[in-house]
Amino acid sequence: MYRGQLSLFDRSIRKKFQLHFENTATRFALIAAFASDYRNSGALSEIFLISRAAVDDFLYFIDSPNLHWRPALNDLLQDPQGSFFVDDDQYTDIALHMVKYMSEYVPLT
């Protein structure tokens, strides 16, 4: 079944996923959404300065109920030999970017 997920991923969304990964802001927003299960497209759009349409686009293929490739996507992001590998430095950069945004734009209550 897992090989089937990878095959479906290759046929269906690899090209689109790769386009998102080529842009740093979009890649960071996608990783933040995937790693944290945070799905507010308006907030992700503001935090990473990308269009809401781009956020909605990658959220669709992360969360589509008809497409069960989340484990395959997870493995691709964690494969050090793969083209979609996300290392600890990138996770740190994303977290720091989000903290900086929140410290500047989110009022303390």
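The values are calculated or read from the model by the stated rules, or taken from the named source; none is laboratory data. What you are looking at is a predicted structure, and each value in this text was computed from that prediction instead of being measured. Cβ sites come from the backbone with ideal geometry, for glycine too, and all protein chains shown count toward neighbours.
At-a-glance table
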item	result
Positions within region 26-40 being loosely packed, with under 14 Cβ neighbours inside 10 Å and either modelled with pLDDT of 85 or more or under 13 Å from F85 (Cα atoms) (or both), in sequence order	N40
Residue ID - modelled with the lowest pLDDT, chosen from residues in region 7-20 that are in a helix (DSSP H, G or I) and crowded, with 17+ Cβ neighbours inside 10 Å	F9
